[in-house]
Amino acid sequence: MRTAQHKFEAGYGAGPGDWRTPPDLFARLDAEFGFSVDVAADAANACCDRSFDAEQDGLAQEWRGVCWMNPPYSRGQIGKWIAKAYAESRKVGCIVVALVHARTDTTWWHEWAMKAAEVRFVWGRVCFVHPVTLRRKRCPTASVILIFRADSEGPPLITSYRVADSRTSDQLELGDSNDSSKGRQTWHQQGQHGASTSAMTTSEAPNAD
């Protein structure tokens, strides 16, 4: 079983496929949530003192506490992890925070991701960390943070999420600084069962690449 972070062995870079979660992104989320277990990890990329590796198989475990998850992105795998996150949050009342790619055209997105309590679209592209060289490489797809809670049933609160190690296409091309005051983009969804409203700064929004 392929585990977290690290989807980039084919088509994204040479060497081991186990690209790590950027530490600054994880640290910011950990300060907010206080994670107790990394449910999809291995010895090289575990973000928490307690974790489930491939041998333990996080999909076969009961999740408790506050769970961090950066699951396998491969087709046929990611949907199982998002379904598990939803089921465990409902069954045992844990909180699950997941970093995944924003594949809004997939079955797993509409069946499970849209039942999250929150969906935070990452502004720009996340730069993952090579486990050996520690070099960073920009993810070829957009990323999103899903937050599942005990009462998660959707529709989720939808927002934009800016992190220090994410870059937009226009910043990479033009060499702009990563200034969070520029190009801010926010979507709001009001009420758990009400209609959504949205507002976006179109003049400085990221390119849709």
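What single numbered condition from (1) more than 15 Å from residue 41 (Cβ to Cβ); (2) touching a Leu at 6+ places or on another chain (Cβ under 6 Å) fails to hold for residue 84?
(1)
How many residues does region 47-65 contain that are at pLDDT 95 or above and buried (at least 18 other Cβ atoms within 10 Å of the Cβ)?
Total satisfying the criteria: 1.
Yes/no per residue for (1) more than 14 Å from the chain's Cα centre (by Cα); (2) under 27 Å from residue 61 (Cα atoms); (3) buried (at least 16 other Cβ atoms within 10 Å of the Cβ):
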position	(1), (2), (3)
89	yes, yes, yes
105	yes, no, no
118	no, yes, yes
122	no, no, yes
127	no, no, yes
134	yes, no, no
147	no, yes, yes
150	yes, yes, no
163	no, no, yes
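Quick one: would you say residue 93 is modelled with pLDDT of 85 or more and part of a loop (DSSP other than H, G, I, E, B)?
Yes, satisfied.
What are the residues in region 139-187 that are at pLDDT below 85 and within 17 Å of residue 102 (Cα to Cα), if any?
139, 140, 163, 166, 167, 168, 169, 185, 186, 187
Could you look through region 66-86, keep only residues that are at negative phi and out of contact with any strand residue (DSSP E or B) (no Cβ under 9 Å at 6 or more places or on another chain), and pick out the one that is surrounded by the most Cβ atoms within 10 Å (Cβ to Cβ)?
The selected residue is 72.
Specify the residue that is surrounded by the most Cβ atoms within 10 Å (Cβ to Cβ); the eligible residues are those in region 32-41 that are in a loop (DSSP other than H, G, I, E, B) and hydrophobic (A, V, I, L, M, F, W, C).
40
Looking at this structure, is residue 44 surrounded by fewer than 23 Cβ atoms within 10 Å (Cβ to Cβ), in contact with a Pro (Cβ under 9 Å, 6 or more places away or on another chain) and not in a helix (DSSP H, G or I)?
Yes: the conditions hold for residue 44.
The values are calculated or read from the model by the stated rules, or taken from the named source; none is laboratory data. Just so it is clear, the model here is predicted, and its values are computed rather than measured. Virtual Cβ from ideal backbone geometry, glycine too; neighbours counted across all protein chains shown.
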